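The values are calculated or read from the model by the stated rules, or taken from the named source; none is laboratory data. In this text, all values refer to a predicted model and were calculated from it rather than measured experimentally. Every residue, glycine among them, receives a Cβ derived from its backbone with ideal geometry; neighbour counts consider all protein chains shown.
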Amino acid sequence: MGREIIQIKDLKVHYPIRSGFWNRITDYVRAVDGVNFSINEGETYGLIGESGSGKSTTGKAIVGIEKVTSGQILYKGVDITKASNRKKLNYNKDVQMIFQDSMSSLNPRKRIEDIIAEPIRNFENLTTDEERKRVQELLDIVGMPSDAIYKYPHEFSGGQRQRIGVARAVATRPKLIVADEPTSALDLSVQAQVLNFMKNIQQQYGIAYLFISHDLGVVKHMSENLAIMHRGRLVEIGTREEIYNNPMHIYTKRLLASIPQVDVDHREENKKHRLEVEREFLDNQSRWYDKDGRVFPLQRVTPTHYVALPSDLISKMEEGE
Ligand SMILES: Nc1ncnc2c1ncn2[C@@H]1O[C@H](COP(=O)(O)OP(=O)(O)OP(=O)(O)O)[C@@H](O)[C@H]1O
Ligand SMILES: [Mg+2]
């Protein structure tokens, strides 16, 4: 444990905006604009931010389904954005993705057997019997009955489809799975089930997750380390304790304050706290962003805690504590 499986260095993904009669590129959407973080073997790394902050684009760039504008993705020391096809093939086997919306990510015209076997067929030559055996093992791992192989995605509930999506992602025995809001379309009780078996599978097979969510509450018990994303950049990186107990960036504080509270006793207190954070955010815009409205570069606070604020402000915050 503790060894890095992947390092993301200054990753940028910019989408051209075209306009006018000649359809020329007039500007870029800087969906991901200089992101740095590393994931350790077997850990869950949380990537959290509100809608449009660039989380999915980051995840897709890592699994190689989105073109990288610049930067490096180092897997076992090799920059995958420039790697040979042979190295990329290994990478594609080792790194898989689970999507939020299992209805559109699972081909509706294919039986579950073929859906789960597809990634295996891309990388291994198994006989029909061996393949069926593997698919049934995978269904068993995610707690689905073995006769599911003959059925189609629409015959299952959202939670069951998410299990199938996990079985498919695990099929190639990957080292890293990018899980893009895998539970946010599910009911609370089903969410907990899916998170539980994802955790079990992780421990059993030593898989690392990049767990993407807009809700810091969802990943609280899952993630050892977290990165908070905002406007295409990271505003804060830290261990679970640092992010939840000692958040430094106002944006992290806002996300924490917005976690839905089940605790009725503290409802008034929480509401007051939320309003205070909101006021601090609105009243001091020039503190949180540079003159162009961009997130500042990350500064080191501890060996594991980084925050995107000017150093003098960080010193003041530390003295104030
Ligand atoms: N193919 C594309 N072309 C142009 N702009 C895009 C494209 N894909 C995403 N974007 C833009 O990039 C930004 C980041 O999008 P992204 O989907 O990564 O955000 P997200 O954090 O995953 O949001 P959500 O929580 O809604 O899923 C958004 O402004 C989005 O509109
Ligand atoms: Mg997204």
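Checked against the criterion of being small (Gly, Ala, Ser) and either surrounded by 10 or more Cβ atoms within 10 Å (Cβ to Cβ) or part of a strand (DSSP E or B) (or both), the candidates Ser315, Ser286 yield just one match: Ser315.
Find the helices (runs of 4 or more DSSP H) located wholly in region 164-251 whose residues include 1 or more that are free of Cβ contacts under 8 Å to residues at least 40 places away in the same chain and away from ligand 1 (no atom under 16 Å from the Cβ), and list them.
188-205, 240-245
The sole residue among Lys199, Lys220, Lys253, Lys272 that is over 17 Å from the mean Cα position of the chain (by Cα), surrounded by fewer than 17 Cβ atoms within 10 Å (Cβ to Cβ), at negative phi and charged (D, E, K, R) is Lys272.
Return yes when Ala61 is of a type in the set (A, V, I, L, M), modelled with pLDDT of 95 or more and in a helix (DSSP H, G or I) and no when it is not. When the stated conditions are applied, Ala61 passes them. Are any of the residues in region 65-76 within 16 Å of ligand 2 (Cβ to nearest atom) and under 22 Å from Arg121 (Cα atoms)? Yes, because at least one residue in region 65-76 is within 16 Å of ligand 2 (Cβ to nearest atom) and under 22 Å from Arg121 (Cα atoms).
Would it be correct to say that Arg109 is more than 27 Å from Thr58 (Cα to Cα) and not in a helix (DSSP H, G or I)? The answer is yes for Arg109.
Out of all the residues in region 1-16, which are surrounded by 11 or more Cβ atoms within 10 Å (Cβ to Cβ) and of a type outside the set (S, T, N, Q)?
Within region 1-16, Glu4, Ile5, Ile6, Ile8, Lys9, Asp10, Leu11, Lys12, Val13, His14, Tyr15, Pro16 qualify.
Cβ separations smaller than 6 Å between residues 6+ apart or across chains give the following pairs from region 1-28 residues that are free of Cβ contacts under 8 Å to residues at least 60 places away in the same chain and closer than 18 Å to Met229 by Cβ to residues that are in a strand (DSSP E or B) and among the acidic types (Asp, Glu): Lys12/Asp33. Those residues that are within 12 Å of the chain's Cα centre (by Cα) and either in a helix (DSSP H, G or I) or within 12 Å of ligand 2 (Cβ to nearest atom) (or both), I need them from region 30-49; list them, please. Within region 30-49, Leu47, Ile48, Gly49 meet the criteria. Evaluated against (1) without any contact (Cβ under 8 Å) to a residue 12 or more places away in the chain; (2) crowded, with 16+ Cβ neighbours inside 10 Å, Gly77 falls short on exactly one condition, (2).
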